[in-house]
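See below for the structure under consideration.
Any read-out appearing in this document is the output of simple, stated calculations on the displayed coordinates, not a laboratory observation. What you see is a predicted model; the values in this text were computed from it and never measured. FYI the Cβ positions are ideal-geometry reconstructions off the backbone, even for glycines, and counts take in every protein chain you see.
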Amino acid sequence: MATIKDVASDAGVAVGTVSKVLNGQHVSAENKRKVEESVLRLGYQMDHYARGLKTRCTYTIAVIIPGIQNPFFSELVYHMEQELYRRGYKMYLCQSHQDPEKEADYLRLVCQNKVDGILGITFNETAAQLPDSIPMVMIDRHISDKICCVSSDNFQGGCLAAERLIAGGSSSLLFIRSGSNLSSETLKRGKGFEAMCREKKVPYAMLDVGDDTDFFNGEAIYGCLKERIHGGKPAFDGIYTSTDGLALIVQEQLVRLGIRVPEDAQLIGHDGLRKMYKKEYLVSSIAQPIAEMAKVSVEQVIKRIHKEPTEEMVTLPVTFVEGGTTRPPVSTGEDGRPWGR
């Protein structure tokens, strides 16, 4: 069986360089390539148990999410697991269901050294109470200047959504959001939307349903939209929702009310989720770079585990994607060119 020394000799690098590559630490791209090729050529396999005894590490990461049933969380976790495994780590998946007590139980695992670090999506205050020394990276929440937060550019996403609706001919806009009102990066979606509406001097309204899960049964959304229809016509002809899931519910209820999408009202969601096993998007959306968010999150938590400097905030760009719920642009974007060109 090949040893780490065999890999180093075959790759023509030092044993320490091989160790860094296997542990996900930074080395030059050329040395990384040589080591990875040698590992495959020699069939080298790490003994994680012995490695853990020596380094006092478990080579496991806990990923805490509100629930796997959310398609965005599912895709993010998928890419996290792929990236962790590639770097020699295994993943424990924990669903908090936004239950503070349940979340606290999972977070205590880190304090008890049952896992080496944590990647968290939390809408409770529990994580903020943990010691700063705990290797942790948060998604979409900046809870401490000593803990890295990875997020997409939510403010720009809101701006893009409003601008694209206006470019498609909408003259009265509505923003609908759901979820926790606890301070997080995702709240910037509405702020960006509002800022662009004001800049373009377009009438708009903001509807925040908070944590009211009744809005996901369709009936509550139906009532909310019906109140904004007068004489068979909606008081809005462009809608931006905080998630793609919410956009799908809104679309369903608009059709039920006799409002055609996108002919009568354009609709843009947020996340950029695709139909299962297909390339098509569920709705026109502001797409987050989910795979890149996962990769950067894993990189940052491993750096913290190895006590390397990490960034306080990593913000990744978003893009508009067409999903059939918006009309062709009739005006230009910020760069003066027609949308979609």
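Listed values, structure above:
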quantity: Most positive-pole-ward Cα, GLY232, LEU174, GLY43, against dipole of the chain from beta carbon charges; calculated: GLY43
quantity: Rg/Rh for the chain, where both radii come from Cα atoms and Rh is the Kirkwood radius; calculated: 1.06
quantity: Cut-off 13 Å between beta-carbons: net charge of the residues surrounding LYS191, Lys and Arg +1, Asp and Glu -1; calculated: -1
quantity: Ellipsoid semi-axes in whole angstrom, largest first, where each is sqrt(5λ) of the Cα gyration tensor of the range 61-125; calculated: 19, 17, 7
quantity: Neighbour net charge for GLN82 - beta-carbon separation under 15 angstrom, K R +1, D E -1; calculated: -1
quantity: Helix 29-42 axis, angle to the chain major axis (alpha carbon atoms, nearest 10°); calculated: 70
quantity: Radius 14 Å from Cβ of MET276, net charge of other residues (Lys, Arg +1; Asp, Glu -1); calculated: +1
quantity: From phi via Karplus (6.51, -1.76, 1.60), per-residue ³J(HN,Hα) for the range 89-100 in Hz, x at Gly/Pro; calculated: 10, 10, 10, 9, 9, 10, 9, 8, 6, 6, 8, x
quantity: Nonlocal amide H pairs with ILE229, under 5 Å, H built at 1.01 Å; calculated: ALA235
quantity: Non-local Lys pairs in the range 183-335, i.e. 8 or more apart or on different chains, that have alpha carbons under 24 Å apart; calculated: 12
quantity: Burial ranking of peptide ranges 193-201, 252-260, 143-151 (average Cβ count within 10 Å, highest at the top); calculated: 143-151, 193-201, 252-260
quantity: Centre separation in Å (Cα based) which lies between the range 138-188 and the range 232-289; calculated: 16
quantity: Where only alpha carbons of the range 144-237 are counted, the Rg and the Dmax (Å); calculated: 15.2, 55
quantity: Alpha-carbon gyration tensor eigenvalues x 5, square-rooted, for the range 141-196, Å; calculated: 26, 12, 7
quantity: Point-charge dipole on Cβ atoms (K/R +1, D/E -1) for the chain, about Cα centre, debye to 20; calculated: 760
quantity: Under the Karplus curve 6.51 cos²θ - 1.76 cosθ + 1.60, θ = phi - 60°, whole-Hz ³J(HN,Hα) for the range 60-74, x wherever Gly or Pro sits; calculated: 10, 10, 8, 10, 9, 10, x, x, 6, 5, 6, x, 5, 4, 4
quantity: For the range 236-277, diffusion coefficient by Stokes-Einstein and Kirkwood Rh (Cα), 20 °C, 1.002 mPa s, µm²/s; calculated: 203
quantity: Karplus 3J(HN,Hα) series, Hz, for the range 7-20 with 6.51 cos²θ - 1.76 cosθ + 1.60 (x for Gly, Pro); calculated: 5, 4, 5, 5, 7, x, 10, 6, 4, x, 5, 4, 4, 5
quantity: Bins of 5 Å, starting at 0 and running to the largest distance - Cα pair percent for the range 245-329; calculated: 3, 13, 18, 17, 13, 10, 9, 8, 5, 3, 2, 0
